[in-house]
1. What distance in nm separates the two pseudo spin-label positions at B:LEU259 and A:VAL59, each 7 Å out from Cα along the beta-carbon direction?
2. Taking every pair of Cα atoms in the stretch B:53-137, average 1/r, invert it to obtain the Kirkwood radius, and report Rg/Rh to two decimals.
3. Other chains near A:200-210: what is the mean number of their Cβ atoms within 10 Å of each residue's Cβ?
4. Which whole number gives the average, over all residues in B:114-125, of C-beta atoms from other chains lying within 10 Å of the residue C-beta?
5. If you project the alpha carbons of the stretch A:220-311 onto their three principal axes, what span does each projection cover, largest first, in Å?
6. Mind putting a number on the dipole of the protein assembly as shown about its Cα centre? Charges go on the C-beta only, +1 for Lys and Arg and -1 for Asp and Glu, and I need it in Debye to the nearest 20.
7. Between A:ILE199, A:TYR164, A:LEU183, whose Cα lies farthest towards the positive end of the dipole of the stretch A:100-217 when Lys and Arg beta carbons carry +1 and Asp and Glu beta carbons carry -1, centred on the Cα centre?
8. Which whole number gives the average, over all residues in A:68-78, of C-beta atoms from other chains lying within 10 Å of the residue C-beta?
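Quick note: the coordinates plus some simple rules give every number you see, no bench work behind them. Quick caveat: nothing in here was measured; it's all calculated off a predicted structure. Here the Cβ positions follow ideal geometry from the backbone for every residue, glycine too, while neighbour counts run over all protein chains shown.
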Amino acid sequence: MKRRALIAGASALPLVSVIRPASAQLREMRMVESGGKSGESIDVGYAAPFTAKTGIKLVRESPASLGKLQAMIASGRITSASVELGSGTMVQARKLGLIEKLDWAAINPMPMFPEAKNEHGFGYQYFSTIMAWRKAAKAPANWVDFFNTKDFPGKRAIPDYPAYTIAFALLADGVPMDKLFPLDVDRALKKLLSIRRDISVLWKAGAQAPQLLKDNEVQYAIAWSGRVVEEPDLAYSFSGGMADLSFICTVKGAPKAEQEAMNKLYYEMSVPENQAKAAGVIAYTGPSPALDPLLPKDKLGMFPTAKANKDVQWVQNAEWWAENGESANKKWEEFKLSL
Amino acid sequence: MAAILAERRHGFGFVTPLLVVMLAAFNLPILYMLALGFWSKQGGFTTEHYAALLDAPIYLRVLANTLRVSVVAMLVNIAIGYPLAYWMRGLSPRAQFIALACVITPFWISVLVRTYAWIVVLGNNGMVNRLLQWTGLTDSPVSFLYNELGVMIGMANVLLPFLVLPLFAAMLRIDDRLMQAAASMGAPPSTIFLKVFLPLTLPALASGALLVFILCLGFYVTPAILGGGKVPMISNLLDFLINQIPRWEQASALSTLLLIVTLLIFAAYRALDRKVGA
């Protein structure tokens, strides 16, 4: 979950243990999440109605990482009932047995998009990886244009994460959206190498992309949608973009009472009115198909799940990345050495 | 003799708590980390993680790149730091104090802030580039950042105090009369510097440079941001192996390799140091 967090140290610090009252009444419950505005949106959208109904306070801590979750499980002290994971890391966590299977019957959610209703996680927040550019630069219509540095001159910034970059190179090379997976990594890297002189920056932190554009350091960038849609000097397009989900998962071995409380929190996360409140804090949206009418009309174009945007995007295939991420990353590092 | 030994034993009681803390909180986790690299998924001993390092030359290439960048950063630091310390030695005590404060101040600013500050200064729209274009020295912005140059500038800025402080302290201890004596024997300034001053500062220079080099090996934030992601360093790879795909065993093997390389370099330095000392 690096997209909003600043670059954090590589160490997985041992978690400070929390002294829990022995009483049966659950007073508070902890969640590890990404922090920043996204964390605020959890408070405003979901924790507030949850606390009002149950009297249980939700205490957030950030940032979230798979390493942190693994360390918590290994230490045997489950200090947080839930954790936010990206779609890819969720698959990894499931394979390692770090998260509980969700009891969807007990959650009994309001209608939600099918990909968000995962066996092991609640897809609570859509975010998109899209193309963005300075308004002064020539507007690309699709990924072929984005990779055409002759007719669309300017420096490019791309994510330093193969899972957020490889597929776009394939789209630019003529692979149709519905035939992307399994990804041809070698072909994608070849395409990327063909414009290597114009790739100026590979970014790690989500905040870098809009800053690089604003500083005129680059003219085009692949960026996370919530980072660019509200920037007045920048233009963007969801066309051919990648819709991805952040999941909230219940930590393996969390106390029974907390797991039951989590189910109630999951329900609140499925209510479209709550999702609209959360979207007011950050331009990422929840999984309700009935959300569009509740969102401000003039801002509808900013949201990943707005019908006009969702229809032109494709959805990240986390399972493929969980299987092939390591080998893809090795090739990615090699590609970076040859830049 | 017996009294001294008793004294020593007496002192030992005071450091025992610290030793225990160091052992339990620092050394044991490191040992655990080292052991992880030899642990197979099924349980039991294995060397497969080390074999995997050799199978995927990219890990070794990134390690080599890290070593190369660290060596260059160390040389840059020496090139800037030595003249700086030498210049500071000749200042009046008051000016020395001010210069020293200028060297130390960056210590109090977070690495992240300092790193981003360079973007403001050296970016395409940054102060330096605007000045260059305003004065007509260049027509288009000069690329200071998002390449190895940017990484070097950032690393030099962060690490310079580690070299300058010990070097400056060592230079202050050199007796001026030694140089005067050499001059009275008719040695030209260049000979005095090369034959008298430089050898006296070499031990401090070597240890400071080694410190800078070892710190460079673990650099994370600065190369990631100022290098534009195009200067792969070993710590970025480790972050991926630990936090994004959970391959702690592989990360452990890679860190162990890094540790061994670092220790070898340190041993080489010690051997060299003893030779020079003898």
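1. About 3.4 nm, to one decimal.
2. 1.13
3. So the per-residue partner count for this stretch is 4.
4. 2
5. That gives 49, 28, 23 Å along the principal axes, largest extent first.
6. 1140 debye
7. Sorting the options by dipole projection puts first A:ILE199.
8. Average neighbour count from other chains, rounded to a whole number: 1.
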